[in-house]
1. Considering segment 62-151, what Rg and Dmax in Å follow from its alpha-carbon atoms?
2. With a cut-off of 17 Å, note down the residues of segment 364-382 whose backbone N falls inside the zone around a label point 7 Å from the Cα of Leu283 toward its beta carbon.
3. Going through the cross-link list Lys639/Lys745; Lys103/Lys143; Lys327/Lys411; Lys220/Lys361, which pairs have a Cα-Cα distance over 32 Å in this structure?
4. Going by the alpha-carbon gyration tensor, a ≥ b ≥ c the square roots of its eigenvalues, is segment 481-583 rounded (a/c under 1.5) or, if a/c is not under 1.5, prolate (a/b greater than b/c) versus oblate?
5. Say each of Arg749 and Asp587 gets a label point 7 Å from the Cα, pointing the same way as Cα to Cβ; how far apart are those two points in nm?
6. Calculate the FRET efficiency for Asp339 and Leu182 from the Cβ-Cβ distance with a Förster distance of 41 Å, rounded to the nearest 0.05.
7. Provide the FRET efficiency to the nearest 0.05 for the Arg659-Leu577 pair, computing r from the beta carbons and using R0 = 60 Å.
8. Once you put a point 7 Å from the Cα of Asn390 and another 7 Å from the Cα of Ala539, both along the Cβ direction, what distance in nm separates them?
Amino acid sequence: MLRFLQRRNQSSAFQSFGNSKGLVASTQWDLMEKLEKAHPKRQVIAFIFMMVLVQVCSEPTTQYSILEETESGSFVPHLAKDLGLGARELAARSARVVSDDYKQRLLLDPETGDLLLREKVDREEVCSTVDPCVLHFQVTLEKPVQYFQGELLIQDINDHAPQFPEGEMLLNIPENSQPGTLLPLNLAQDLDVGSNGLQQYTVSPNSHFHVLTRNNSEGKKYPELVQDRALDREEQAELSLTLIALDGGSPPRSGTALVRILIMDINDNAPEFVNSPYEVQVLESSLPDSPVLTVFAQDADAGNFGRVSYGFFQASDEIQRTFSINKVTGEIQLKKELDFEKIKFYHVKIEATDGGGLSGKGLVIVEVLDVNDNAPELTISSLTSSVPENAPETIISIFRVGDRDSGENAKVVCSIPENLPFILKSTFKNFYTLVTESPLDRESRAEYNITIMVSDLGTPRLTTWHTITVQVSDVNDNAPAFTRTSYTMFVRENNSPALHIGTISATDSDSGSNAHITYSLLLPHDPELPLSSLISINADNGQLFALRALDYEVLQAFEFHVGATDRGSSALSSQALVRVVVLDDNDNAPFVLYPMQNASAPCTELLPRAAEPGYLVTKVVAVDRDSGQNAWLSFQLLKATEPGLFSVWAHNGEVRTSRLLSERDAPKHRLLMLVKDNGEPPRSASVTLHVLLVDGFSQPYLSLPEVAPDPTQEVEDALTVYLVIALASVSSLFLLSVVLFVGIKLCRRAREPSLGGCSVPEELFPGHMVDVSGTGTLSHNYQYEVCLTRDSGIGEFKFLKPMIPNLLVQDAGRELNENLHCRDSFVFS
């Protein structure tokens, strides 16, 4: 019969929670009506039960209940109403009901929205002995997808009566049995649960026995027959009793069994075992069906009362699975293999029963002997899989070794390979500690596989291996190392800014952040070197960049140190020397020192008409700020007034006559010379020389302009005559001075033969003298003395051949300040 609680109480105890609007189906209302007639204490207990039930019912899951054996097609609830949906909406959303036990016991009518039983439900089939019996189901909807949980409580009905396994039980009781003797009987089974289950036993009325209902260790009720009075076989040899088992259903159901009690004749002697207790030892490796021992019992009675049969008494399941006994001979055999590690001793109770029903009890103690059939075991208590390097006496692992065997078979020996920096220490009983013997070096070896070998001392020996992997974690104990102690990098001058000029590299044998290297520039030893404006370094990869264009003529080379620092917790660093050499570019044109091109008046060289071929007219002195082949200068005569009259030595810039002078040669010559370096591309400078032919050093001359003056203007200028007269007077005085000077020089040379010079008074030539040593383009050392008048328009020059060759080579330490004697003299060497 299907029962629902469709009545909603005004309190929240009978309302369902969440989106589920179904009614809580239960038997609460009926229970309340029954409790009104109950004892007041029971009403209090029932009220507490009702409050607990209300809390349970407050879960969002919708609950229904039915009685078992309800016919198929029976109405359970109106599911559409409980879910707050219309019947048509259930059909439109393809509503389905699925049970958790994968059997479709429920059926949803899509037209009415009613939940029906598909088949008759048997609580014992669904839940067996489980109480309460709850069938979980889900309602699934589509568009959108929704799930609703439901529970169907299957209430038990008293549809099973108690039933005994056998309809008849036979008891043999000696006639001398005393009142109060207890005789346990077989129990009955009832498939129903709760109050519908088995509750008590009764026996048909008689004057000799009554029955007690007791609970065994499993909580099941069994009957125990109690003798009330002494028996007399001669008066009644057999008794028949009806044993009744009753359940608590309404109405109750019952089951019966016939108990036949045979009153046996008096058997005065019970069998007795000869050597009880028996003790026997059996190897655990013994095979099944192997004999253990044979027991023997004696009975002083004769005939049937003296015939003895053997069996186990109150034997546990383990003993019955392990041993068997021959009822006639008393031989005990093994039924399965023994295991010393599980059970070391068996206490087997045996029983000898004679033909009169009397029995004697005995005990067999079976000792299982150990066989070395278990390998040693290793149990790790603690394990450190990563060990920092350089750490002494570090505990790697603590483990325990053991053997399930006994005696010598349980003694174990533990060892590790000898070629590892680890040792084993025995700490307590079978506990060992694996520690490092010496500090580890990750750079030498980063991982160790330690195989622990545990062997027992049994025969044959059994061994267990266990491998522990230990990772050596890095410690920042290695400073970065540069691939070279010093680096030399070459950069051409006039480079573009941010030019990559080279890369330095350092390695660190550590790992992780300890090996991550950062590069930096160190402060230079020379405080005047603006290193930060010249060079920058990439901190990550060590690339060096020139920040600005370098000038070889300003800075040919410079040195600085770079540092490499790792990122360890205690950072380590190293440094290397970097030398940057600036390579010269041909970026400077030759510069002419002599003759000076920026003078207010052009420089005019005097050439005697009596000069022989090869006569040194003058020497062009030029320098180049570049170096190497960029500073190798060559001289070339580009243009001359008389092309074949002069020649220029290409390597030293000396201008010499190529032939004898004639009267037809022009008195004034203009030479255009080119000074060119050897760079790529070559750079050059030009210089213009003016050469004036004179008959002698005392011949006065006038500066000739580039354009010939107008003849009519010269005639008209009367001052010319006076000028010529003045020049003649000056020339005469100059010639006299020269003669005196030559004489004095000759006298000095005669006094100092070692110098090979001419004595000339230095007081005659006051002024400033400049000494330029053999640098630049002069390949030989020469010394010339040139005296000029202070007049800006007319000057006289005195040219002498080299007086003291290699003088400055012999005394190179004399600089400009030592030779400042003549203001209007220039000395070139």
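The values are calculated or read from the model by the stated rules, or taken from the named source; none is laboratory data. Note that the coordinates shown come from a computational prediction; the quantities given were computed from them, not determined experimentally. Neighbour counts run over all protein chains shown; Cβ positions are idealised from the backbone, glycine included. Keep in mind that these areas ignore ligands, DNA and RNA; they rest on the heavy atoms of the full protein, side chains included. Shrake-Rupley method; radii C 1.70, N 1.55, O 1.52, S 1.80 Å.
1. Cα-based Rg and Dmax for segment 62-151 come out at 13.1, 41 Å.
2. Only 367-374 pass the distance filter.
3. The pairs that break the limit, which is 32 Å between Cα atoms, are Lys639/Lys745; Lys327/Lys411.
4. Verdict is prolate for segment 481-583.
5. Here the modelled spin labels are 5.0 nm apart.
6. Efficiency for this residue pair is about 0.65.
7. Working from the Cβ atoms, E equals 0.45.
8. Between Asn390 and Ala539, the label points sit 2.4 nm apart.
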